Amino acid sequence: MDRRLFSKRPGGERLPPGQSVVRGFPVLTYGPTPRLTPQDATLTISGLAKARSFGWDELMALPQTDVRRDFHCVTRWSKYDVGWTGILARDLMEHLEVDAASTHVMLRCYGGYSTNLRLEDFLADGCLLAHRLEGEDIPVEHGGPLRAIVPHLYAWKSAKWVSELEFMDQNVPGFWERNGYHMRGDPFAEERFG
């Protein structure tokens, strides 16, 4: 099923405060870029959930959704109407056994990066694990073969090269959060730094 989703804030604002719209798609990354093929990529489920791993073919067999959303970077640029294809977080959850005590999820990535999300943010409308960008495989510099898209938060929450989802009963800071970034990152509230 093809479900297309679009984002605007209530009241019609589209550009968060302090942001500028760009035409290109800047690449910002912490650390070296992992070189993965889809067949190398696995998604591990851990923490307060029944442990399991999904190989690439298993991920591709899950329901796929197209999402078109604006993308906001904490470094003050925004890109409108970016098209992604992948597995909605809430669709993935239908294939997991997650403890009811879970309130947060840590996204862990190839290369050592991590970022935390409230479970309600992970399951929000339009959040997905994406493998296509504008109809093409996501280039490695943009997080391919698999990245998170959390369009209602700053882009550091849309982790590249996702390898693990760790479900937790508390809010534990990820990489940038340990280094001074806000624990949530709502661009419309300018939650840039903690």
Restricted to the range 15-37 and to residues being surrounded by 11 or more Cβ atoms within 10 Å (Cβ to Cβ) and among the hydroxyl-bearing types (Ser, Thr, Tyr), the residue modelled with the lowest pLDDT is Tyr30
Looking across the range 101-143 at residues that are surrounded by fewer than 16 Cβ atoms within 10 Å (Cβ to Cβ) and of a type in the set (Asp, Glu), the single one that is farthest from Val27 (Cα to Cα) is Glu120
Every listed condition ((1) of a type outside the set (S, T, N, Q); (2) closer than 21 Å to Pro17 by Cβ; (3) in contact with a helix residue (DSSP H, G or I) (Cβ under 6 Å, 6 or more places away or on another chain); (4) not in a loop (DSSP other than H, G, I, E, B)) holds for Met183 save (4)
* Any chance Pro173 is in contact with a strand residue (DSSP E or B) (Cβ under 9 Å, 6 or more places away or on another chain), part of a loop (DSSP other than H, G, I, E, B), over 21 Å from Phe54 (Cα atoms) and modelled with pLDDT of 95 or more -> yes
Picking from Ser53, Ser46, the residue that is at pLDDT 95 or above and surrounded by fewer than 13 Cβ atoms within 10 Å (Cβ to Cβ) would be Ser53
Of (1) in contact with a Cys (Cβ under 9 Å, 6 or more places away or on another chain); (2) at pLDDT 95 or above; (3) over 16 Å from His131 (Cα atoms), Met93 fails just (1)
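Collect the residues in the range 18-53 that are part of a strand (DSSP E or B) and either free of Cβ contacts under 8 Å to residues at least 24 places away in the same chain or farther than 25 Å from Phe167 by Cβ (or both), keeping them in residue-number order.
Ser20, Val21, Ser53
The values are calculated or read from the model by the stated rules, or taken from the named source; none is laboratory data. Nothing here was measured: the structure is a model prediction, and the numbers come from that model. FYI the Cβ positions are ideal-geometry reconstructions off the backbone, even for glycines, and counts take in every protein chain you see.
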